[in-house]
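Enquirer: The structure follows.
Just so it is clear, none of the values below were taken in a lab; they were calculated from the coordinates. What you see is a predicted model, and the numbers here were worked out from it, not measured in a lab. FYI the Cβ positions are ideal-geometry reconstructions off the backbone, even for glycines, and counts take in every protein chain you see.
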Amino acid sequence: MTTLTTRTAAPTTQERATSKPRRHGARWAAVAFVAPLVIYLLLFYAYPLAQNLSMSLHRFDRGTFINGGAPFVGTEIYQDVVEHPRFWTIVRQTTVFTAASLVFQYLIGLALAVFFHRGGFRLAAPLRAMFLVPWLLPIIVSGTTWQWMMNPDDGILNSFIGLFGADPVWWLSADNALMSVAIANIWLGIPFNLVILYSGLQGIPKELYEAASMDGATPWQQFWRITLPMLRPVSLITLLLGLVYTLKVVDIIWIMTLGTGTSQTLATWAYGMSVGKGASAIIRYSEASAVGTILLLAALAFGLIYIAAQRKQED
Amino acid sequence: MTNKTMRRCLAAGAAVTMGALAACSGGTPEPGESGNASEGSTTAEIAFWDPYPQHTEGSAWDEHVKSCAPDGSTIVRTSAPQTDLFNQLTTAVKEGGAPDVVLLDNPMMPEAVGAEMLATAEQAGIDTTGVDENLIGPGVVDGTAYGVPFGSNALGLYYNVDLLAEAGVDPASITDWDSLTAAMEQVAADGGKGITFSGVTGEEGVFQFLPWFWGAGADLSDITSDEAVAAGQLLSDWIGEGLAPRSAATDNQSAAWDLFLTGEYAFAENGSWFASAAAEADFEVGVIPIPAKDGGVAPVPTGGEFAVAPIQTEDASDHYANASAVIACLTEGEAAFQTNETLGYLSAKPEVRADQADQSPLWEPWVSAVEGAQGRTTELGSEYVDVSASLSGAIQAAINAEGDQAAVEAAFQDAGGF
């Protein structure tokens with residue numbers, strides 16, 4: 001978003017610069033109008049980003065953070081991070097967490113949206129409202145509740161699967177933690193997908209379905225040939241927003257497992273290091289900044305892919 | 001500067017930081033070098049930070065702190081959890097707006113001193129006489145004290161009197177690991193459960209693990225030793241045999257205590273700060289010291305905070321005078337007793353501790369635990385945090401191993417890294 005806005009602002013000033021001298025007053029007025037936005041962007045976007053980058057290039061500890069004098073080490077910190085024995089494991093876990101969250105949130109959200117959109121179901125409105133609950137609850141509440149439900153000794157989930165004769169699962173053990181936090185995160189993301197996809201469905205003209213049914217298209221064909229293609233722009237933006245959000249999820253994971261075992265993602269790793277929480281009480285300002293930058297680049301890459309996909313669609 | 005000091009300074013500077021080098025230059029003093037409580041006077045507002053958000057405004061602790069304001073001053077108290085408090089203090093010192101007094105968790109002391117965040121006790125006019133050596137240990141760096149511990153808590157083994165009696169276990173017979181585990185098995189055979197403890201990732205879980213670690217004869221300088229593995233195996237077996245809950249991997253000490261209060265568990269490894277809560281439980285609760293592997297009492301880590309004065313850049317002497325007055329009030333005379341009773345701590349001074357034990361039978365079993373406690377950072381100094389992080393990873397892995405010996409061994413041998 002940042003790049004887009006500044007890009008449109010820049011040519012404007014250029015145009016004004018080449019225009020006739022008597023329009024000087026107007027030029028200053030334009031600058032005055034643009035200034036607050038530019039100052040805002042510099043102060044709240046560019047400056048923190050630059051600080052983050054600078055921190056990842058200097059070796060900070062608590063002492064140098066306070067008293068200054070952190071030595072410049074170039075890309076050494078990035079090397080440390082990438083060569084960390086668990087780096088690729090954490091990248092893989094982040095990928096699995098993000099991919100699983102996106103796929104299931106989208107599929108379940110879409111199924112529910114189509115279900116509610118078809119209507120003819122008396123309880124649709126209150127039910128739809130109920131599906132928004134995960135969105136409205138503070139994450140500290142839902143996270144704690146999930147942790148409690150997934151209690152390995154007497155949790156309600158284990159009692160439930162016990163009814164079908166299944167053995168109790170140690171949901172938050174080191175090995176299962178990734179699956180468990182993904183389940184909680186999927187639950188958390190369904191309302192977002194439901195709401196956006198539902199409004200996308202409302203934007204599809206009814207005539208298309210009427211024409212299709214007159215031509216004898218089955219509901220299944222209607223879904224594949226009309227609903228999905230018409231939903232494509234909305235789906236794309238839903239998935240992109242979901243991706244950016246999921247990449248940086250810390251809260252739900254942290255509340256449930258403190259990022260232990262397989263539930264460690266790049267975001268929880270960076271968070272733990274930046275505040276000295278989790279296993280190690282040492283603040284690792286520089287390493288955290290480096291991981292933060294890597295996350296930013298990943299999000300940016302997907303943002304660019306989205307823009308490319310959108311362009312292709314428009315052509 | 002003589003040649004000798006010069007050489008010493010260069011060596012120290014090379015070894016430590018730029019700051020140490022600058023401190024040796026002798027010309028303009030470092031910000032932290034200036035100011036002395038004896039040259040300042042107390043100000044109208046005194047900022048006081050502590051890690052007890054559970055003691056809200058108007059609580060006994062809150063009132064007690066505020067009653068320690070010198071004449072003409074008011075104390076403004078702010079609370080945040082341990083780590084957050086330390087991080088906020090870091091920023092505050094950096095920005096030059098640190099509070100007058102902070103209560104800092106004892107294992108954080110070496111790092112705070114290393115980062116030049118604290119004034120020396122001498123500078124801030126903090127009296128450290130009469131405090132037990134094992135308790136002040138974490139606050140002494142290179143022979144200089146940086147604050148004073150007002151009290152200490154310790155870990156012990158709470159037990160459910162009724163459950164043990166029903167299972168026919170005599171608490172006095174629990175003197176080593178084998179007899180402890182046997183007692184749990186006996187209660188389990190009777191339909192009860194064994195023990196609750198906190199194995200949560202981070203310092204809290206390590207704090208709870210150290211009595212077993214030290215009790216096995218392990219040493220923090222080598223956490224890969226056979227003794228260390230034995231301690232991990234003990235917890236791992238409890239989980240594997242169902243004597244301890246799997247949720248120990250995520251339970252903090254409060255959660256572990258709540259589990260014990262359900263009345264289903266025979267034992268709880270927990271802190272002296274729950275002593276008064278234990279007296280009010282629905283069942284009768286007793287306490288025994290944590291046994292060492294082959295008998296005797298295991299050393300427990302010292303718990304509790306230091307009262308410290310952060311380094312000030314402006315009006316340092318006045319801030320230190322504030323710290324001196326408030327800390328003296330909290331740690332000396334009649335109020336020292338009150339400070340510890342309000343927090344559920346035992347005083348760091350033997351005579352006050354004796355008073356506490358005299359007045360309440362609750363404290364009797366805890367006195368020896370506090371007196372035999374070891375500082376976590378006393379041996380390793382600021383390196384402790386790294387060791388603790390590795391140990392935390394190993395504890396988590398051991399709990400997850402559910403008794404699997406190879407996995408426990410690997411957990412301790414692979415421990416390390418951030």
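Enquirer: Which one of A:ILE186, B:SER34, B:GLY296 has its Cα pushed farthest toward the positive end of the charge dipole of the protein assembly as shown, where Lys and Arg give +1 and Asp and Glu give -1 at the Cβ?
Expert: Toward the positive end, the furthest listed residue is A:ILE186.
Enquirer: Moving on. I need to check one value: relative contact order of chain A, counting alpha carbon pairs closer than 8 Å and at least 6 residues apart, in percent.
Expert: 23
Enquirer: Among A:VAL181, A:VAL103, what is the fewest-to-most ranking by other Cβ atoms within 10 Å? Don't jump to the answer; show the numbers that get you there.
Expert: Working: A:VAL181 33, A:VAL103 13.
By the 10 Å Cβ count, ascending: A:VAL103, A:VAL181.
Enquirer: While we're here: What translational diffusion coefficient, in µm²/s and rounded to a whole number, does the Stokes-Einstein relation yield for the stretch B:243-350 at 25 °C and a viscosity of 0.890 mPa s, taking the hydrodynamic radius as the Kirkwood radius over Cα pairs? Please report the intermediate quantities before stating the final value.
Expert: Numbers: Rh = 17.3 Å.
So the translational diffusion coefficient is about 141 µm²/s.
Enquirer: Got a sec? How would B:SER390, B:SER272, A:SER199 order by Cβ neighbour count within 10 Å, fewest to most? Write out the running numbers ahead of the final one.
Expert: Values: B:SER390 20, B:SER272 27, A:SER199 12.
The fewest-first ordering by Cβ neighbours comes to A:SER199, B:SER390, B:SER272.
Enquirer: Given a Förster distance of 41 Å, report the FRET efficiency between A:MET149 and B:GLN54 from their Cβ-Cβ distance, rounded to the nearest 0.05.
Expert: Values: r = 26 Å, r/R0 = 0.63.
After rounding to 0.05, the efficiency reads 0.95.
Enquirer: Next question, about the same structure. Hey, got a sec? Which chymotrypsin sites (Phe, Trp or Tyr not before Pro) in the stretch A:70-138 land in a DSSP loop and have at most 12 other Cβ atoms within 10 Å? Display every interim value, and only then the final one.
Expert: Details: sites: A:PHE72, A:TYR78, A:PHE87, A:TRP88, A:PHE97, A:PHE104, A:TYR106, A:PHE115, A:PHE116, A:PHE121, A:PHE131, A:TRP135; in loops: A:PHE121.
Those satisfying the criteria are A:PHE121.
Enquirer: Right, another one. What distance in nm separates the two pseudo spin-label positions at A:PHE121 and A:ASP175, each 7 Å out from Cα along the beta-carbon direction?
Expert: For the pair A:PHE121/A:ASP175, the computed spacing is 3.7 nm.
Enquirer: Just want the answer: with Cβ charges of +1 for Lys and Arg and -1 for Asp and Glu, which residue in B:ALA92, B:ALA183, B:SER225 is farthest toward the dipole's positive end in chain B?
Expert: Farthest towards the positive pole: B:ALA92.
Enquirer: Here is a further query. For chain A, what does the equivalent ellipsoid look like in terms of its semi-axes, each the square root of 5 times an eigenvalue of the Cα gyration tensor, given largest first in whole Å? Can you show the working numbers first?
Expert: Details: eigenvalues 301, 255, 52 Å².
Over the Cα atoms of chain A, the ellipsoid semi-axes are 39, 36, 16 Å.
Enquirer: I've got another one for you. Considering only C-alpha atoms, what is the centroid distance from the stretch B:92-114 to the stretch B:154-230, in Å?
Expert: 34
Enquirer: Within the set of other residues whose C-beta is less than 13 Å from the C-beta of A:ASN158, count the net charge using Lys and Arg as +1 and Asp and Glu as -1. Let's see the in-between values first.
Expert: Numbers: positive: B:ARG246; negative: A:ASP153, A:ASP154, A:ASP167.
Net local charge, A:ASN158 excluded: -2.
Enquirer: Say the dipole of the protein assembly as shown comes from +1 at the beta carbon of Lys and Arg and -1 at that of Asp and Glu; which of A:LEU297, B:GLY202, B:GLY333 then lies farthest toward its positive end?
Expert: Result: A:LEU297.
Enquirer: Average projected area of the Cα convex hull of the stretch A:40-87, in nm²? Write down the numbers at each step before the final one.
Expert: On the way: hull surface 17.3 nm².
Computing the convex hull of the Cα atoms and averaging its projections yields 4.3 nm².
Enquirer: Same structure, new question: So, with +1 on the Cβ of K and R and -1 on the Cβ of D and E, and no other charges, what is the size of the charge dipole of the protein assembly as shown about its Cα centre, to the nearest 20 debye?
Expert: On the way: 33 positive and 78 negative charges, 1176 e Å.
The dipole of the protein assembly as shown has a size of about 5640 debye.
Enquirer: Between the stretch B:59-73 and the stretch B:122-149, what's the alpha-carbon centroid distance in Å?
Expert: 23
Enquirer: Please compute the contact order of the stretch B:192-275 in relative form: average sequence separation of alpha-carbon pairs under 8 Å and at least six residues apart, divided by the residue count, as a percent. Let's see the in-between values first.
Expert: Values: 108 pairs, mean separation 42.0, N = 84.
Result for the stretch B:192-275 is 50 percent.
Enquirer: With a cut-off of 8 Å between alpha carbons and a minimum separation of six or more residues, what is the relative contact order of chain B in percent? Display every interim value, and only then the final one.
Expert: Numbers: 827 pairs, mean separation 110.1, N = 418.
Reported relative contact order: 26 percent.
Enquirer: Using +1 on the beta carbon of Lys and Arg, -1 on that of Asp and Glu, and nothing else charged, what's the dipole of chain B about the Cα centre, debye to 20?
Expert: Roughly 1000 debye, rounded to the nearest 20.
Enquirer: Let me ask another. Please state, as a whole number in µm²/s, the translational diffusion coefficient that the Stokes-Einstein equation yields for the stretch A:122-208 at 37 °C and 0.692 mPa s, with Rh defined as the Kirkwood radius across alpha carbon pairs.
Expert: Details: Rh = 15.2 Å.
Estimated via Stokes-Einstein, D reaches 216 µm²/s.
Enquirer: Please give the length that would be gained between B:GLN359 and B:SER254 if that part of the chain were fully extended, namely 0.36 nm times their separation in residues minus their C-alpha to C-alpha distance (nm, one decimal).
Expert: Working: separation 105, 0.36 × 105 = 37.80 nm, distance 2.66 nm.
In short, 35.1 nm is gained.
Enquirer: Using the Cα centre of the stretch A:85-314 as the reference point, and only Cβ charges (+1 on K/R, -1 on D/E), how large is the resulting charge dipole? Debye, rounded to the nearest 20. Numbers along the way, then the final one.
Expert: Values: 13 positive and 10 negative charges, 101 e Å.
It works out to roughly 480 debye.
Enquirer: Follow-up question, since we're still on this one. Using the Kirkwood radius built from alpha carbon pairs, what does the Stokes-Einstein equation give as D for the stretch B:291-418 at 25 °C and 0.890 mPa s, in µm² per second? Walk me through the numbers on the way to the answer.
Expert: Values: Rh = 18.3 Å.
Answer from the Stokes-Einstein relation: 134 µm²/s.
Enquirer: Give me Rg over Rh for the stretch A:207-276, both radii from the alpha carbons and Rh done the Kirkwood way, two decimal places.
Expert: On the way: Rg = 21.0 Å, Rh = 15.3 Å.
Rg divided by Rh gives 1.37.
Enquirer: Now for a different question. Normalised by the empirical 2.2 N^0.38 Å for globular proteins, what value does the Cα Rg of chain B take?
Expert: Values: Rg = 22.6 Å, N = 418, 2.2 N^0.38 = 21.8 Å.
Taking the Cα Rg and dividing by 2.2 N^0.38 Å, one obtains 1.04.
Enquirer: I'd like the distance separating the alpha-carbon centroids of the stretch B:348-409 and the stretch A:231-281, in whole Å.
Expert: So the two Cα centres are separated by 33 Å.
Enquirer: Counting each DSSP H run of 4 or more residues in chain B as -39500 (n - 2.57), what helix-only mean residue ellipticity at 222 nm follows after dividing by all residues, to the nearest 500 deg cm²/dmol? Working shown, then result.
Expert: Numbers: 18 runs with 185 residues, N = 418.
Calculated from helices alone, the mean residue ellipticity at 222 nm is -13000 deg cm²/dmol.
Enquirer: Could you pull out every residue, at least 5 positions away or on a different chain, whose amide H is within less than 5 Å of the one on B:TRP49? Hs are placed 1.01 Å off N in the peptide plane, and Pro or chain starts have none.
Expert: When sequence neighbours closer than 5 places are left aside, the close amide H contacts are B:THR78, B:VAL101, B:VAL102, B:LEU103.
Enquirer: Turning to a different aspect of this structure: Could you tell me what % of all Cα pairs in the stretch A:185-315 have separations over 20 Å? Let's see the in-between values first.
Expert: Working: 5195 of 8515 pairs.
The proportion of pairs with Cα distances above 20 Å equals 61 percent.
Enquirer: Could you line up B:ASP226, A:ASP315, B:ASP105 from fewest to most neighbouring Cβ atoms inside 10 Å?
Expert: Working: B:ASP226 13, A:ASP315 5, B:ASP105 21.
Going from least to most buried by this count: A:ASP315, B:ASP226, B:ASP105.
Enquirer: Still on this structure, please answer the following. Which values, in whole Å and largest first, are the semi-axes of the equivalent ellipsoid of the protein assembly as shown obtained as the square root of 5 times each eigenvalue of the Cα gyration tensor?
Expert: On the way: eigenvalues 494, 307, 111 Å².
Three semi-axes, in Å: 50, 39, 24.
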